[in-house]
Amino acid sequence: MHAEAGTEAASAALGTAARALDALVARGQSLAVAESLTGGLVAGALTGVPGASRAFRGSVTAYATQLKRDVLGVDGPLLDARGAVDGEVARQMAHGVRRVLGAHWGIATTGVAGPDPQDGQPVGTVFVAAAGPGGAGAVLRLALDGDRERIRRDTVVAALRLLVSELTENAAAQDTEQRGEF
């Protein structure tokens, strides 16, 4: 059963990654990823899609809090006050990776996969963020169940789904609003 769940999650991640990449290519836009608890799994799902290089620029695995600050530009006082497991930290990571890697869109993951709590947050607390052009973007707080592996897999799918949502559903609302039909 455990292997089946892993296969299903990998299939879901790959399918969602393909949808995200297709939407990016259709828009002529690019993507960069900032990962903490997922440790490269989001980038792995994206690069598992043939032709990913048409839209995927690369990733930064900023596992250490210091790298979130020094490489991605996350506010140091924010990290000191709240720790790395925070929605605003995820948002700043997504914006930072866009800047660092020169992409139109950035997505980020930060959270607690376990086995122990971190920064006062229980295992399964995860934040995923998407940041795009013109201030587009969103942050989601997740409360995931399962072991470390499952939390990391579910985070990958959630981050990719958030991006697809921002690229499709929210883009349609923004287009309508810009045309004055809202």
- Task: Could you please find all residues in segment 122-169 being under 22 Å from Ala10 (Cβ atoms), open to solvent by 70 Å² or more (accessible area, probe 1.4 Å) and in a helix (DSSP H, G or I)?
- Result: Arg148, Glu149, Arg150, Arg161
- Any residue in segment 140-159 that's closer than 15 Å to Pro122 by Cβ and at pLDDT below 95: show its pairings with residues that are surrounded by 15 or more Cβ atoms within 10 Å (Cβ to Cβ) and aliphatic (A, V, I, L, M) at Cβ separation under 9 Å, as long as the two are six or more apart or on different chains. none
- Task: Scan segment 31-43 for residues that are in contact (Cβ under 8 Å) with a residue 60 or more places away in the chain and either surrounded by fewer than 19 Cβ atoms within 10 Å (Cβ to Cβ) or within 19 Å of Gly102 (Cβ to Cβ) (or both) and report the count.
- Result: 7
- May I ask you to list the residues in segment 70-80 that are among the aliphatic types (A, V, I, L, M), assigned to a helix (DSSP H, G or I) and either out of contact with any Ser or Thr (no Cβ under 9 Å at 6 or more places or on another chain) or open to solvent by 50 Å² or more (accessible area, probe 1.4 Å) (or both)? Leu78
- Query: Can we say Arg19 is over 22 Å from His95 (Cβ atoms), basic (Lys, Arg) and open to solvent by 40 Å² or more (accessible area, probe 1.4 Å)?
  - Reply: yes
- For segment 45-61, does any single residue satisfy the condition of being among the β-branched types (Val, Ile, Thr), buried (at least 16 other Cβ atoms within 10 Å of the Cβ), in contact with a strand residue (DSSP E or B) (Cβ under 9 Å, 6 or more places away or on another chain) and more than 15 Å from Leu31 (Cα to Cα)? no
- Test: residue in segment 48-69 that is part of a loop (DSSP other than H, G, I, E, B), among the hydrophobic types (A, V, I, L, M, F, W, C), under 21 Å from Gln118 (Cα atoms) and free of Cβ contacts under 8 Å to residues at least 24 places away in the same chain: yes
- Would you be able to say whether some residue in segment 81-101 is open to solvent by 30 Å² or more (accessible area, probe 1.4 Å), closer than 21 Å to Asp145 by Cα and modelled with pLDDT of 95 or more? no
- Message: So, Leu14, is that one out of contact with any strand residue (DSSP E or B) (no Cβ under 8 Å at 6 or more places or on another chain) and either in contact (Cβ under 8 Å) with a residue 24 or more places away in the chain or surrounded by 20 or more Cβ atoms within 10 Å (Cβ to Cβ) (or both) or not?
- Response: yes
- Task: Could you please find all residues in segment 14-30 being in contact with a helix residue (DSSP H, G or I) (Cβ under 7 Å, 6 or more places away or on another chain) and within 11 Å of Leu160 (Cα to Cα)?
- Result: Leu14, Thr16, Ala17, Arg19, Ala20, Leu21
- For segment 114-121, indicate whether the set of residues that are open to solvent by less than 50 Å² (accessible area, probe 1.4 Å), closer than 26 Å to Arg148 by Cβ and outside any loop (DSSP other than H, G, I, E, B) is non-empty. yes
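The values are calculated or read from the model by the stated rules, or taken from the named source; none is laboratory data. Keep in mind the model is a prediction, meaning the values are calculated, not measured. Please note: Cβ atoms are built from the backbone with ideal geometry, for glycine as well, and neighbour counts cover all protein chains shown. Calculation scope for accessible area: heavy atoms of the full protein, side chains included, ligands and nucleic acids excluded. Shrake-Rupley method; radii C 1.70, N 1.55, O 1.52, S 1.80 Å.
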